[in-house]
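Shown next, in structure tokens, is the structure this report addresses.
Quick note: the coordinates plus some simple rules give every number you see, no bench work behind them. The shown structure was predicted, so the numbers you read here are calculated from the model rather than taken from an experiment. Note that each Cβ is placed from the backbone with ideal geometry, even for glycine, and that neighbours are counted across all protein chains shown.
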Amino acid sequence: AGRAAAGRATPLVPGARDAWVSVADAARRTGTSVSAVRGWARDGVVRSRAGQGPRGERTEVAVDDVERAAAERPVRTPAAPVAAPSSVARASRPRARDASRPGPVQQDAPGQQLVPLSTVEAMERLSGELYLAGQRAARAEAVAELRDRRLADLQQEVDDLQREATALWEQNQELVRRVAVAEAQVSAQPTTGPRWRLRR
């Protein structure tokens, strides 16, 4: 079952199907990550388009496509670690009989089989490694989401600076044009006052 079936997805409001929302909003509504939604849009799994947000141009995706893709995506959950055998369980295991001392031979109960301690310890170690691997994957996904948000913020800052630079350039061109017009008007006016000659 996908993440939506697991109960972590935020229920959509009435009429939200077939709506176009931002990547972050779609990830929050369906309980998936931003990087996963971006990958689906890049691979063509979900429909995407360029839209306008509060801070400028952004990528929008179809909510119904993201919800369907999230439902088909398997949930990665770390395996539960195997509990270590207690001292009571270890004490209950039959000990090896000393060949030099005669005694009754212990036999396993019908339908039961003793598991070697080395096998149990190997299973515990493997389960711990799987759990740590799941934790590392979750941290890596969180770091990727933070990086994506930071890149989006930096791109928005670059766009704002480009717009400011364009506006300043246009103002500079307007000032140059006004200065040229003023110089032309001054040069076109006739000189009517007395002429002064400088004496050395």
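Model label sites at R139 and E121, defined 7 Å from Cα along the beta-carbon direction, differ in position by 2.7 nm.
The slack between N172 and Q185, meaning 0.36 nm per residue of separation minus the straight C-alpha distance, is 2.7 nm. Distances between placed amide hydrogens fall under 5 Å for V21 paired with V61, V63, all partners being 5 or more residues away or on another chain.
Between R55 and E164, full extension at 0.36 nm per residue minus the direct alpha carbon distance yields a gain of 37.8 nm.
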